[in-house]
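Scroll down for the structure; my scribbles are underneath it.
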C-alpha cells in the first residue's frame, strides 16, 4: 500500500485538531489560513473520508478524524525518533525541542541561559511555551515540561533539577503603609496575594496552620510577583523567581522561618515520556540546565 499523506499535511491537521480552528492553527504554525485549509482538504481527498466538521466558531473531529489523529501523531513521533537516531549517530544533538514551563520559571531561569545554550547546541531548534497548569505532553507535542511541586504517579520519567525554597515577601512600600506582621496570625489582617486558577497553592505551608483568603488573585506566579513588587500585598513565592528582588531590596522577606521547609512545593523536576528513548537533544537540555539553574 502506498502512503499518500504528506508529513506537512499531517502536522497541519494535528495542529488544527489541537487548537480547534484553522485560524488558530495558522497562527501557531505561522502560515496562511488558506494553506491550512488546502492541507486538510488534500488529506480528506486522499483518504476519501471527512476528518473535520466545520462550524462558524470552531472545527471538531469527525469519528474518522479522531481515529486518524491518533495514528497521525504516532506516525510523526516515530519519524522524529528515527531522524533523531540518525542525527545522534553523527554525534551532534539536533532537531526540534519543545519545552514547557510556567511563566516565572521560563522568564527567570530558562530564558537568561538560552543564548549560552544555543552557542553550545546550535543545531537544536528550541520552542519555548508557557502553561501555568499541567499539560498533556503528547497533546501539546511537547518534549520536556518543567514542573514545580510533587508529581502524581504517571508514565513520565522525572529528573529532579533541585529544590527552590518559598518565601513570604512584600514590597517596602506595602510594609510601610500596612505595618510588618510580627506573627503568623497577623497575616490574616493583611492583603494576601494568591492564585486564581490553582487555589491549592493558596494553602501556605506555614509553621502554624492558618487559613488565608487572598484579597487579590492572578493566574500566574509572575503576575503575582509583579503585583507584589507594586505594593499590593504579601505573597508566597519561590526563590528562583524573587532572589534578585530580595537581594536588590525590591522585596522584603516577611516573618523569616515561618514557612515549612522542605515542603512539596519546593521540588523542581523535568518530565518527559518514558515510552520513548531519551533523545540526544533532551539529554543535552537536561545536562546543560541542571548545572546552571539558580533555584
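A few points about this structure:
- Pick from segment 142-178, criterion under 26 Å from residue 244 (Cβ atoms) and free of Cβ contacts under 8 Å to residues at least 60 places away in the same chain, ranking: surrounded by the most Cβ atoms within 10 Å (Cβ to Cβ): 178
- Residue in segment 252-259 that is free of Cβ contacts under 8 Å to residues at least 60 places away in the same chain, farther than 15 Å from residue 147 by Cβ and in a loop (DSSP other than H, G, I, E, B) present: yes
- Taking residues in segment 1-14 that are in the same structural domain as residue 50 (by TED's automatic domain parsing) and assigned to a helix (DSSP H, G or I), and partners anywhere that are at pLDDT 85 or above and surrounded by fewer than 13 Cβ atoms within 10 Å (Cβ to Cβ), not one pair has Cβ atoms closer than 7 Å while being at least 6 places apart or on different chains.
To keep it simple, each residue is scored yes or no on (1) over 23 Å from residue 289 (Cα atoms); (2) in a loop (DSSP other than H, G, I, E, B); (3) under 20 Å from the mean Cα position of the chain (by Cα).
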{"residue": "157", "(1), (2), (3)": "no, no, yes"}
{"residue": "160", "(1), (2), (3)": "no, no, yes"}
{"residue": "181", "(1), (2), (3)": "yes, yes, no"}
{"residue": "187", "(1), (2), (3)": "yes, no, no"}
{"residue": "209", "(1), (2), (3)": "yes, yes, no"}
{"residue": "212", "(1), (2), (3)": "yes, yes, no"}
{"residue": "228", "(1), (2), (3)": "yes, no, no"}
{"residue": "242", "(1), (2), (3)": "no, no, yes"}
{"residue": "250", "(1), (2), (3)": "yes, yes, no"}
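- Of all residues in segment 23-44, those that are modelled with pLDDT under 85 and either at positive phi or in contact with a strand residue (DSSP E or B) (Cβ under 7 Å, 6 or more places away or on another chain) (or both) total 1.
- Residue that is surrounded by the most Cβ atoms within 10 Å (Cβ to Cβ), among those in segment 19-52 that are without any contact (Cβ under 8 Å) to a residue 12 or more places away in the chain and over 29 Å from the mean Cα position of the chain (by Cα): 44
The values are calculated or read from the model by the stated rules, or taken from the named source; none is laboratory data. If you're wondering where the values come from, they're calculated on a predicted model, not measured in any experiment. Methodologically, a virtual Cβ is constructed for each residue, glycine included, from the backbone with ideal geometry; neighbour enumeration extends over all protein chains shown.
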